[in-house]
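Read-outs throughout are calculated quantities, based only on the coordinates presented, and are distinct from any laboratory measurement. These numbers come from a predicted model, not from an experiment. Virtual Cβ from ideal backbone geometry, glycine too; neighbours counted across all protein chains shown.
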């Protein structure tokens, strides 16, 4: 399957949600943590994390039809799965040089949420995590967003000051009002996450388009894409923290993104991938580029 076909699958699912009046990277999050496969316990990343989050199920656990059967259950009649995409590589010999070259082959599969299935025997290690998560949530009284504050403290050149929410790449500074200025702590955390994601694009970090003078290089990519990276990335962070990202003027916001996505081929796939890398950098799983 070609990359353009994968992009078509991706954008069709995203546009469908936007048409329903739902912003995919804002609406969906699960009470039990990041979306993951119920058999392997591996988290979905990038665009597949976005796909699974935006379905709005309370359970983070997903499985294929085959896996549901292997766990002694089945998919409830009438339930529709979500398509996830992935790439596999294969080697092909160059006829002229004789050298072996690696090429990506794109595929998709359909998975279902645990809530869409019945009589599934949840693996013991997964059930223990589910039970622990429920107990821990009942004890939690405030949002622990230390992954963001730790990131800011870790980056030696990055500073944090009071002011209107923004990130200034030239001075490498994030500005935020006090939390008391927001309607809720969830709103504060969502906006702080957005600005932190922007800051990962600095040329000394992931070099996503801000030059050394602090301007955004429009020839390298569109700023709309950088905004989408920050929006998706902040939604990923909010999901990790178990809070829902807050939107102002959702109708206008959705209309704006629907237009941009329709006009720019592949913007969702690449933005989700960059957002995942930004989140990984914030939590310390991606090194500084050379």
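Take every Cα pair under 8 Å whose residues are at least 6 apart in sequence, average their separation, divide by the length of the chain, and the relative contact order is 21 percent. When the alpha-carbon atoms of the stretch 155-200 are used, the pair Rg, Dmax equals 10.4, 31 angstrom. Note: relative contact order over the stretch 142-290, using C-alpha pairs below 8 Å and six or more positions apart, is 24 percent. In terms of surrounding Cβ atoms within a 10 Å radius of their Cβ, 243, 173 rank from fewest to most as 173, 243. A protection proxy built from the mean count of other Cβ atoms within 10 Å ranks the segments 37-48, 156-167, most packed first, as 37-48, 156-167. Each of (1) 43; (2) 46; (3) 33 is a candidate for percent of Cα pairs over 28 Å apart; the one calculated from this structure is (1). Given R0 = 25 Å, the distance between the Cβ atoms of residue 74 and residue 109 translates into a calculated FRET efficiency of 0.90.
With the helix formula -39500 (n - 2.57) applied to DSSP H stretches of n ≥ 4, the chain reaches a computed 222 nm mean residue ellipticity of -13500 deg cm²/dmol.
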